[in-house]
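**Q** What follows is a single structure, and I will ask about it in a moment.
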Amino acid sequence: MPLPQPTRDRILDAAEGLFFSDGIATTGVDSVAAAAGVSVVTLYKHFGAKDNLLHAVLSRRLESWTSHWDAAVAAAQSPRERLVAIFDAVDTFRAAAGPTQWCCFLATASERSVPAEGASDPVFDLVAEDTRLVTRRLTDLAREARCQDPERVAELLLLLYNGVLSSLLRGTPAAPAARARTAAWTLLDRELPGQ
């Protein structure tokens, strides 16, 4: 007989499933609590507020995504392969992640406005941090691959990556990560002739 899942994990799982299939704004904490099999009081005891719950869900997703990307980079055999490993990571992450419409970070960004100058929004800050981390890592990997303009290559790969995530929402084209991987190889063939 399996051990019961800890309360915090049940709440996070329920929130993730509801937030990113039904929408963050339309999902109330009462729905999350019911799906997790806990009271609203218990949910608030663990997270204090809906934004704190959303932040915890995104933090967990970012940690999981990073471990998939780390594994894909580690499995790559060359600097060029490490650079396009982001698309292998999308495939393994999607296979392991719970069902959601698309990227949780893009979904969150689509439902939240940019904070006013000087205002703080920890959830939006985490979304922005995700973008910075992806961009920085792609830039570093492009440098390792000896791209002539690592920042430009990182921007183009980020554009392909965002296209993959959007295609997952639209449901077309099929196999967007594989198609983006092919496009990335074409880009690298132009950027790194003879390598």
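The values are calculated or read from the model by the stated rules, or taken from the named source; none is laboratory data. Computed from a prediction, not measured in an experiment: that's the story for all the values here. Neighbour counts are summed over all protein chains in view; Cβ atoms, including those assigned to glycine, are modelled from backbone coordinates with ideal geometry. SASA here: full protein model, heavy atoms, side chains in, ligands and nucleic acids out. Shrake-Rupley method; radii C 1.70, N 1.55, O 1.52, S 1.80 Å.
**Q** How far is helix 122-144 tilted off the main Cα axis of the chain, in degrees rounded to 10, range 0 to 90?
**A** That works out to roughly 20 degrees.
**Q** Moving on to the next point. Tell me the label only: which of (i) 18.1; (ii) 18.6; (iii) 17.2 is Kirkwood radius over Cα pairs in Å as calculated from this structure?
**A** (i)
**Q** Hey, what did the chain get for relative contact order, percent, Cα under 8 Å, at least 6 apart?
**A** Relative contact order comes out at 20 percent.
**Q** Related question: Hey, in the GNM for the chain with a 10 angstrom Cα cutoff, which one of GLY17, GLY37, GLY118 fluctuates hardest?
**A** Most flexible of the set in this elastic network: GLY118.
**Q** Compute the FRET efficiency between SER39 and GLU129 as 1/(1 + (r/R0)^6), taking r as their Cβ-Cβ distance and R0 = 25 Å, and round to the nearest 0.05. Show your work: numbers first, answer last.
**A** Values: r = 32 Å, r/R0 = 1.29.
About 0.20, to the nearest 0.05.
**Q** So how much slack lies between ALA49 and SER67, counting 0.36 nm per residue of separation and subtracting their Cα-Cα distance, in nm?
**A** Here the segment from ALA49 to SER67 would lengthen by 3.7 nm.
**Q** Here is a further query. Excluding ligands, DNA and RNA, what is the solvent-accessible area per residue of the chain at a probe of 1.4 Å, expressed in Å²?
**A** I get 53 Å² per residue for this part.
**Q** Let me ask something else about it. With label points built 7 Å along Cα→Cβ from the Cα atoms of ALA76 and THR26, find their separation and express it in nm.
**A** Using points 7 Å along Cα→Cβ, the separation is 3.8 nm.
**Q** How big is segment 55-150 by the Kirkwood estimate over distinct Cα pairs, in Å?
**A** After inverting the mean inverse Cα-Cα distance, the result is 14.6 Å.
**Q** Let me ask you something else. Roughly speaking, what is the stretch gain from ASP149 to ALA174, that is 0.36 nm per residue apart minus the C-alpha to C-alpha distance, in nm to one decimal? It would help to have the intermediate numbers written out before the result.
**A** Values: separation 25, 0.36 × 25 = 9.00 nm, distance 3.06 nm.
Stretched out fully, the ASP149 to ALA174 stretch lengthens by 5.9 nm.
**Q** Using the alpha-carbon atoms, what tilt in degrees (0 to 90, nearest 10) does helix 176-191 show relative to the longest principal axis of the chain?
**A** Roughly 30 degrees, rounded to the nearest 10.
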